[in-house]
Structures are given as C-alpha cells and as structure tokens.
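Scroll down for the structure; my scribbles are underneath it.
Nothing in this text is a laboratory measurement; each read-out follows from the coordinates by a stated rule. As the structure is a prediction and not an experimental result, all values here were calculated from the model. Quick reminder, even Gly has a Cβ in these numbers, built from the backbone with ideal geometry, and neighbours come from all protein chains shown.
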Amino acid sequence: RAKQQGKAGHHFFEPSLDERARHRRQLEADLREAIRAGAFELHFQPLYSLTEERLTAFEALVRWPHPRLGLIGPADFIPLAEDTGLIAEIGEWVMHEACAQASSWPEPLAVAVNLSSRQFLSPALPSMVVKALAASGLPAQRLEVEITESALASNVEKTLETLHALQGLGVRIALDDFGTGYSSLSHLRLFPFDKLKIDQSFVRDLARETNGHAVIRAIITLAEALGIETLAEGVEEASQLAVLRQEGCRQIQGFLLSRPIVGTEVSHFIADRGSRTEVIRLRA
Ligand code: C2E
Ligand code: MG
Ligand code: MG
Ligand code: MG
C-alpha cells in the first residue's frame, strides 16, 4: 500500500481498496433492497424519424433513486448488477415496466429496451419477453431491443439463435453504440440487425474532425446496402442534424430533440410536440 501511494502521488484523494470494497458491498446490499422494493424508475427519450418526420419510439433508460446518494444513472449500477447476477431481476422489471407504459402510448409508437450482455445470453430471455408482451398487451412489433457489441463476441451460434427467437416473435433488434466495439464490421456480416445506432462519439466528431463526415457517410452507406436502418445517437446541435439529414440517416436521438423525460411526461410530450414535427424541420 505504501509503495502504491508513492507511485500514485495523490494518495490523499484515492480511496483504499478496503474502502472501495466496502462501498461496493454496501451498494450491492442497497441494490438488492431496491429490487425487493421495486425502487427503480424509467426515463424515456424520443427517437425521431427524419424520413417520415415523426416520432417513432421512446428508449427506456433506467435510473435508481438512491435514498442517500440521489439519482444514480445506469452506468453506475448496471455493471455491478451484471457482475452480481442481479441484472436478471432488474432487466425483467425494466422490460415489464417499459412494455406496460408503452401500451398506453398511441400506435404505432414503439419502446426500445436496452439489454446487457448477460441478459442477452440468458436462455430465459425469449420467454421473459413473451411474458412482458402478454402482460402488457403491447404488440411485439412495438418493441425494439438494443444490444451492444460486447454481447455478441462470445458465441456466434448462440447469438444467432437468440436473434432469430426474438425476431420470430416480431421484436426488432438494434445494435447499440455501433462502431465502439471491436470487430463491428464482421458483426454486420454475421448477424441480421434491423437497426444500427451510430454511437454518439461519431456524431460529436462531425464538428471536430474533417474525417468525421466521411466516417458517418460510410457507416450509413454500408448499413443501407445491407438493408439496415440507421439512427444517430447524441445529436445535440442543428449543424449535426443538417449533415445527418444530408447523408440520409433515417433517425435521430439526442438532446436537440429532448433529454430523457420521466414516464408521466411522455403523453404530454406526444401531445405537445408529437404532432408538430415541423419543430425539428425548422430548427435544422
Ligand atoms: P445508451 O443505450 O447508448 O443510451 C443513450 C445514453 O446517452 C443515455 O444515457 C442518454 O441519456 C444519453 N444521451 C442521449 N442523448 C444524448 C445527447 O444528445 N448528448 C449526450 N451527451 N448524451 C445523450 P444513460 O441514460 O445514462 O444510459 C447510459 C447507458 O446505460 C445506456 O446507453 C445503456 O447502455 C445503459 N442502460 C440504460 N438503461 C438500461 C437498462 O434498462 N438496462 C440495461 N441493461 N442497460 C441500460
Ligand atoms: Mg440504448
Ligand atoms: Mg447507445
Ligand atoms: Mg451508450
């Protein structure tokens, strides 16, 4: 420990391994309690079609209102939930809650639900999805699941089986954060995705790098050639929207359109802005 401190040089601010382990154990205990109490929340962020000029879906994004630590975002507890296996229960709650809320939205608005690697690889996934659809009455065509490339790496056969099982139900499958994982191109060749969500880092690079535009264009061209729909994540500025529109990107998502909102605000959002799609057209 002394040696480590000497090397780091800023030991006063670095929690010790002991402290970190204690924090983690406490957080795990809190997570179990939150699952028992059903203490999670879903926020929803709209997905907008540029080709149809309308809202198409909302992505469900989980949050954990922690009694002492405040609202915790998924990046700060999903990895722990994955490591401890608690993701199965959290994921089941998210799927049921997302389908239940979406069933009250006007047709044909869909809901997009994120799946972690462990959830995606679980043999129980298709039947869990069937149950959530049945319980909510949401048609499978109005559910989209999002997986990241880390879920695909291990076993091609197994991945194909799961993709086919879900698509057989009528559920659509999006590859999330496209371009950040490794081996992105071979994944497109191997697996039948309905949609590519182009990672927000590429959208950010549109402004910063001269090559950014070329990369976005190449991704969109490739996806189109493969018959896969494209969505750009993290669109914050009208200038980014203009490029994406010009390059034929199908859909966008990002703070330009809206930040994630709480479930109870979705119907207001739809009523206020859903029909007035020219809001976006004018801003571009
Ligand atoms: P994601 O699926 O790529 O979701 C998009 C993330 O980008 C969200 O962060 C969203 O709030 C944020 N975002 C959206 N538009 C913008 C923008 O214009 N600018 C910037 N800077 N950010 C934007 P969030 O909600 O913190 O979620 C982070 C990640 O956590 C998600 O990334 C997803 O991978 C994961 N996640 C969220 N909900 C769930 C869930 O229910 N289950 C699982 N397994 N993972 C989830
Ligand atoms: Mg997502
Ligand atoms: Mg993403
Ligand atoms: Mg992401």
key: Within straight-line cross-link reach of Lys131, aspartates and glutamates at Cα separation under 13 Å, skipping those fewer than 8 residues along the same chain   = Glu92, Glu97
inquiry  = Once you compute Rg and the Kirkwood Rh from C-alpha atoms, what is the Rg to Rh ratio for the chain?
reply    = 0.99
remark   = For the Val262, Ser104 Cβ pair and Förster radius 25 Å, calculated FRET efficiency rounded to 0.05 is 0.95
key: 10 Å Cβ shell holding at most 13 others, DSSP loop, chymotrypsin sites (Phe, Trp or Tyr not before Pro): longest site-free stretch of the chain   = 1-181
key: Estimated distance in nm for a label pair at Arg245 and Thr221, the labels positioned 7 Å out from Cα along Cα-to-Cβ   = 2.3
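Between Thr210 and Thr51, take the C-beta separation as r, use R0 = 22 Å, and let me know the FRET efficiency to the nearest 0.05.
My answer for the efficiency is 0.20.
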remark   = Going from the fewest other Cβ atoms within 10 Å to the most, one would list Thr264, Thr221, Thr159 as Thr264, Thr221, Thr159
ask   = When Ser184, Ser150 are ordered from fewest to most other Cβ atoms inside 10 Å of their Cβ, what list results?
value = Ser150, Ser184
ask   = Thr180 to Ala165: extension gain in nm, 0.36 nm per residue of separation minus the Cα-Cα distance?
value = 2.8 nm
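Please report the antiparallel percentage of DSSP beta bridges with both residues in the chain, rounded to the nearest 5.
Percentage antiparallel, nearest 5: 45.
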query = How large is the dipole of the chain about the Cα centre if only Lys and Arg carry +1 and Asp and Glu carry -1, each at its Cβ, rounded to the nearest 20 debye?
reply = 420
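About the Cα centre of segment 56-99, what is the dipole size in debye to 20, counting +1 per Lys and Arg Cβ and -1 per Asp and Glu Cβ, all else neutral?
Charge dipole, segment 56-99, about its Cα centre: 220 debye, nearest 20.
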request  = Hey, for a label at Gln26 modelled as a point 7 Å past Cα toward Cβ, could you say which residues of segment 48-86 have their backbone N under 13 Å away?
outcome  = 67-70
task = In whole angstrom, note down how far apart the Cα centers of segment 122-175 and segment 207-265 are.
result = 24
inquiry  = Taking every alpha carbon pair in segment 143-234, what does the distance histogram look like in 10 angstrom bins from 0, in percent?
reply    = 16, 50, 26, 7, 0
task = For every helix of n ≥ 4 consecutive DSSP H residues, a contribution of -39,500 (n - 2.57) applies; sum these over the chain, divide by its total residues, and give [θ] at 222 nm rounded to the nearest 500 deg cm²/dmol.
result = -14000 deg cm²/dmol
query = Near Lys195, which aspartates and glutamates are there with a Cα under 17 Å away, not counting those fewer than 8 places off in the same chain?
reply = Glu52, Glu59, Glu144, Glu146, Glu149, Asp176, Asp177, Glu224, Glu229, Glu233, Glu247
inquiry  = Suppose each label sits 7 Å from its Cα in the direction of the beta carbon; what would the Val130-Glu236 distance come out to in nanometres?
reply    = 4.4
key: Residue among Ile173, Ile78, Ile220 with the largest mean-square fluctuation in a Gaussian network model of the chain, springs linking Cα atoms under 10 Å   = Ile78
Overall form of segment 82-183 per C-alpha gyration tensor (a/c, 1.5; a/b vs b/c) = prolate
